[in-house]
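Q: I'd like to ask some things about the structure below.
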Amino acid sequence: MALKVRVDKEKCRSCGFCRSVNVCFSPKLCVGCLACYRACPFEARELVPAVKSDVTVTVFLDDVPLKVPSNTTIADALQTVGFRFNKPGREPSLACRTGGCWSCALPVDGRLERTCVTPVRNGIRISTSLLDLEPLRIVHGPEPHLVGGKATPWWEVDYVHYVEAAIWTAGCNLSCPQCQNFTVTYDNSSPPLKPREAARLLAACHNLYRTRGVAVSGGEPTLNRLWLCSFFRELSKLLPPRVRKHLDSNGTILSRDYVDELVENGCNNIGVEPKCVSVTSYMKITGLRDEEFASRYLENAWRIAQYIYENYRDRVYLGIGLVYNPRLVSLEEIADAGTRVASIGDDVQVTVLDYFPAFRRRDIERPSFAEMLKVKKILEAQGLKTVIVQTSRGRIGPGEKAD
């Protein structure tokens, strides 16, 4: 059943998010892209059945004229005539469906357009070939960082020197209610960058602040494979091999050949964040509602971390990210997660984020400093040698007692 979006005025806080971050590309008539429904921080959008219409428009798909429904997105219109998008990780794909990742983009009248949020128009010419156009992605930053991400080697962090220059990509395939970076994740209004443009900006930031590494995080960077692999390739032309080139990912769509391609293009530092081990907890954390789908994503993240460790231990520094908040993950599950990491390698760096109120989940409390020290102690009891926990007082790493 086709759906549209209606504003729930009682929940709307007039925060401006839908006017400045995740904007509507069809403000006069909802076309059912549902981007605002997914992005509204106060959940002030509700889904209602769309009124069925027999009105059609003509589009030219690879020069073939086709009648498609009007008042819908290009993506949905194309699917009604048999076009199939790829799974995330192979463009074109419907990955974030909020307009940030550009993985669904196709040439429309000669230029890339995001098909997931762009309304269909009469007479437009759409190509299914991406060969002649450089990929695009919305990017925030670059900025220098004192701490880094999940796979930033712990010994480099001294809170004095900038350890990484980082960028953040918009768009994500998860819907975490407590998203810590939602103004980036749901941004569909900023001008996109080509991979070489982003690489030049990041390399310049690295050179200016003399960081040991550079990083790309998100959102979820892996959604647009064409963009990300090209980005690392361009980055490797600008920076020497000794500079860490760090990817932070949720690991859900990384495949073996995708990792191989990233490493071939210069990525030598990868953080994978499965978050937990229980599918029930994973669904609470990520906002996913389909248990089978969530299970595939969770297991893929764990498997790809193991693949990286077993095949690239000498070339890639691996970090695994877990999360803790008693409302979402129990201490028993933390122990289980530690056991699973140890089965990959007891020397793998593990970083635990203390989830605090953010985005749509404002009813949780940030774990106390003492709670996070307990998390660290539990993980170390599973035999892990390199455990870092994020706390309200900063990061606590290896060698710092958890008691």
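The values are calculated or read from the model by the stated rules, or taken from the named source; none is laboratory data. As the structure is a computational prediction, the values presented were derived from the model and not from experiment. Here the Cβ is made from the backbone with ideal geometry for all residues, glycine too, and neighbour counts use every protein chain on show.
Q: Is it fair to say Gly338 is surrounded by 16 or more Cβ atoms within 10 Å (Cβ to Cβ) and in contact with a Phe, Trp or Tyr (Cβ under 7 Å, 6 or more places away or on another chain)?
A: no
Q: Restricted to segment 154-173, and to residues that are hydrophobic (A, V, I, L, M, F, W, C) and closer than 15 Å to Ala199 by Cβ, which residue is farthest from the chain's Cα centre (by Cα)?
A: Going residue by residue through segment 154-173, those that are hydrophobic (A, V, I, L, M, F, W, C) are 154-155, 157, 160, 163, 165-168, 170, 172.
Filter again for closer than 15 Å to Ala199 by Cβ, leaving 165-168.
Working: Ala165: 18, Ala166: 14, Ile167: 12, Trp168: 9 Å.
So the residue we want is Ala165.
Q: Just the residues that are within 25 Å of the chain's Cα centre (by Cα) and either modelled with pLDDT under 95 or more than 14 Å from Ile320 (Cβ to Cβ) (or both), please, taken from segment 373-389.
A: Scanning segment 373-389 gives no hits.
Q: Further question on the same structure: If I ask for residues that are out of contact with any His (no Cβ under 6 Å at 6 or more places or on another chain) and either buried (at least 23 other Cβ atoms within 10 Å of the Cβ) or not hydrophobic (A, V, I, L, M, F, W, C) (or both), which ones from segment 164-178 would you list?
A: Passing the criteria: Ile167, Thr169, Ala170, Gly171, Cys172, Asn173, Ser175, Cys176, Pro177, Gln178.
Q: Also, I was wondering about something else. For segment 386-397, name all the residues that are in a loop (DSSP other than H, G, I, E, B) and surrounded by fewer than 15 Cβ atoms within 10 Å (Cβ to Cβ).
A: Listed by number, the residues that qualify are Ser392, Arg393.
Q: So, in segment 195-219, of the ones that are assigned to a loop (DSSP other than H, G, I, E, B) and touching a helix residue (DSSP H, G or I) at 6+ places or on another chain (Cβ under 8 Å), which residue ends up nearest to Gly141 (Cα to Cα)? Before you say what the answer is, go through the steps one by one.
A: Of the residues in segment 195-219, the ones assigned to a loop (DSSP other than H, G, I, E, B) are 210-212, 219.
Now narrow it down to the ones that are touching a helix residue (DSSP H, G or I) at 6+ places or on another chain (Cβ under 8 Å): 211-212, 219.
Working: Thr211: 15, Arg212: 17, Gly219: 13 Å.
Once the filter is applied, the top-ranked residue is Gly219.
Q: Go through segment 5-94 and tell me which strands (runs of 3 or more DSSP E), entirely inside it, have 2 or more residues that are out of contact with any Gly (no Cβ under 6 Å at 6 or more places or on another chain) and among the small types (Gly, Ala, Ser).
A: none
Q: Against the condition over 12 Å from the mean Cα position of the chain (by Cα) and among the acidic types (Asp, Glu), how does Asp248 come out, does it pass? Steps first, please.
A: Numbers: over 12 Å from the mean Cα position of the chain (by Cα): no; among the acidic types (Asp, Glu): yes.
When the stated conditions are applied, Asp248 does not pass them.
Q: Which one of the conditions (1) under 19 Å from the mean Cα position of the chain (by Cα); (2) buried (at least 17 other Cβ atoms within 10 Å of the Cβ) does Glu299 fail to meet, given that it meets all the rest?
A: Evaluating Glu299 over (1) under 19 Å from the mean Cα position of the chain (by Cα); (2) buried (at least 17 other Cβ atoms within 10 Å of the Cβ) leaves (2) as the failure.
Q: Taking segment 179-197, which residues are surrounded by 24 or more Cβ atoms within 10 Å (Cβ to Cβ) and either over 24 Å from Arg111 (Cα atoms) or in contact with a Phe, Trp or Tyr (Cβ under 9 Å, 6 or more places away or on another chain) (or both)?
A: Narrowing segment 179-197 to residues surrounded by 24 or more Cβ atoms within 10 Å (Cβ to Cβ): 184-188.
Hits for segment 179-197 are Val184, Thr185, Tyr186, Asn188.
Q: Residues to consider are Ala151, Ala50; find the one that is small (Gly, Ala, Ser) and buried (at least 21 other Cβ atoms within 10 Å of the Cβ).
A: Ala151
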